[in-house]
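This report refers to the structure that appears directly beneath it.
The values are calculated or read from the model by the stated rules, or taken from the named source; none is laboratory data. These numbers were taken from a predicted model, which means no experiment stands behind them. When we count neighbours, we look across all protein chains shown, and the Cβ atoms used for this are built from the backbone with ideal geometry, even at glycine.
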Amino acid sequence: MKPERISHIGIAVRDLEKAIQDYQALFDFDCIEQTEVSSEGVKVAMLKVGESEIELLSPTSETGAIAKFLKERGEGIHHLAIKVPDVFEAIRSAERAGMIVLDRTPRRGANGSEAAFVHPKSTHGVLLEFYNR
Ligand code: CO
């Protein structure tokens with residue numbers, strides 16, 4: 001499957017408002033979109049960078065994946081998302097290649113978004129996200 005572009009780079013931050021402020025001091029972003037995914041214990045801000053985005057992620061619960069990441073590794077790059085034409089097919093294809101895929105079917109989010117993650121053990125140390133946007 002052909003990758004279409006870098007969709008976004010996810011960065012784990014402790015304080016979302018402070019992180020947005022700091023990134024806004026660096027760049028004049030055209031669009032900053034904020035959402036909360038309560039099921040995953042995370043608040044997200046998407047900062048548009050041309051065709052790609054920076055995804056700032058901060059925890060809303062102590063037990064979510066981002067809270068755990070911050071505890072173990074501190075702030076920093078959390079994942080790399082590649083836009084693919086078909087997330088379901090990308091999962092199947094990665095599984096056929098023997099990769100450790102963390103989602104057997106796409107996770108569905110707001111606005112018809114679909115995502116699936118590949119374990120860093122299969123990608124030389126980077127949590128990789130297949131994403132349809
Ligand atoms: Co992401």
Quiz item: Has region 34-41 got at least one residue that is modelled with pLDDT of 95 or more and under 30 Å from K2 (Cβ atoms)?
Solution: no
Quiz item: Which of the residues spanning region 85-103 are over 11 Å from M1 (Cβ atoms) and either touching a residue at least 60 places away in the same chain (Cβ under 8 Å) or in contact with a Lys or Arg (Cβ under 7 Å, 6 or more places away or on another chain) (or both)?
Solution: I100
Practice problem: For L47, state whether it is surrounded by 14 or more Cβ atoms within 10 Å (Cβ to Cβ) and in contact (Cβ under 8 Å) with a residue 40 or more places away in the chain. | Solution: no
Quiz item: Pairs, please: C-beta under 8 Å, at least 6 apart or cross-chain, first residue within 18 Å of E33 (Cβ to Cβ) and in region 104-133, second within 14 Å of the ligand (Cβ to nearest atom) and assigned to a helix (DSSP H, G or I)?
Solution: E114/V87; A115/V87; Y131/V87; N132/V87; R133/N111
Quiz item: Can you tell me which residues in region 91-133 are in a strand (DSSP E or B), in contact with a Pro (Cβ under 8 Å, 6 or more places away or on another chain) and either surrounded by fewer than 19 Cβ atoms within 10 Å (Cβ to Cβ) or of a type in the set (S, T, N, Q) (or both)?
Solution: A115
Quiz prompt | Residue in region 76-90 that is nearest to A12 (Cα to Cα), counting only those that are assigned to a strand (DSSP E or B) and β-branched (V, I, T) | solution = I77
Exercise. Could you please give the count of residues in region 50-75 that are surrounded by 12 or more Cβ atoms within 10 Å (Cβ to Cβ) and either within 15 Å of the chain's Cα centre (by Cα) or in a helix (DSSP H, G or I) (or both)?
Key: 16
Practice problem: For residues that are among the polar types (S, T, N, Q) and more than 12 Å from the chain's Cα centre (by Cα), scanning just region 5-33, find the one that is surrounded by the fewest Cβ atoms within 10 Å (Cβ to Cβ). | Solution: Q21
Quiz item: Which of the residues spanning region 108-120 are at pLDDT 95 or above and not aromatic (F, W, Y)?
Solution: E114, A115, A116, V118, H119, P120
Exercise. Name the one entry in R92, R14, R73 that is of a type outside the set (S, T, Y), over 20 Å from H124 (Cα atoms) and modelled with pLDDT of 95 or more.
Key: R14
Self-check item: The one condition in (1) more than 16 Å from the ligand (Cβ to nearest atom); (2) more than 16 Å from Y131 (Cα to Cα); (3) of a type in the set (S, T, Y) that T105 fails to fulfil
Solution: (2)
Quiz item: What tally of residues in region 34-44 results from selecting those that are within 14 Å of the ligand (Cβ to nearest atom) and surrounded by 14 or more Cβ atoms within 10 Å (Cβ to Cβ)?
Solution: 5
